[in-house]
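Novice: Structure in C-alpha cells, see below.
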Amino acid sequence: MAKKRFIAGAVCPECKKQDTLRWWQENDVEMVECVECHHTDRRLPQSVAESEQLSPQTKQQVIGIFKPE
C-alpha cells in the first residue's frame, strides 16, 4: 500500500477547505484526495509550478516536492 502524505497549504477545489488534501502515487499516477469531501483527482506527475491545488502563497514558498523512492 502506498504511503499517503498531506499537502501543506493546499486547498480542495471542491469544498475549498485548506490542508485537507492528501497525495500518493499508484503506478506512476498521482492521486489526490480530500479527507473532508472525498473529492479525488488523478493525474500524471507534474511540476509544482503547474499545480492547481496549491495556493499562490504556497507556490512561492515551495522549493520542491520530496518523493522518497
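Novice: Within region 1-41, list the GluC sites (Glu not before Pro) lying in a DSSP loop whose Cβ has at most 16 other Cβ atoms in a 10 Å radius.
Specialist: Details: sites: 14, 26, 30, 33, 36; in loops: 14, 36.
Answer in residue order: 14, 36.
Novice: While we're here: Estimate the FRET efficiency between residue 40 and residue 8 by the formula 1/(1 + (r/R0)^6), using the beta-carbon distance for r and 22 Å for R0, to the nearest 0.05. Before the final figure, lay out each step's value.
Specialist: Numbers: r = 19 Å, r/R0 = 0.88.
In this case the efficiency is close to 0.70.
No lab work stands behind these numbers, since they all come straight from the coordinates. None of these values were measured; they are calculated from a predicted model. Every residue, glycine among them, receives a Cβ derived from its backbone with ideal geometry; neighbour counts consider all protein chains shown.
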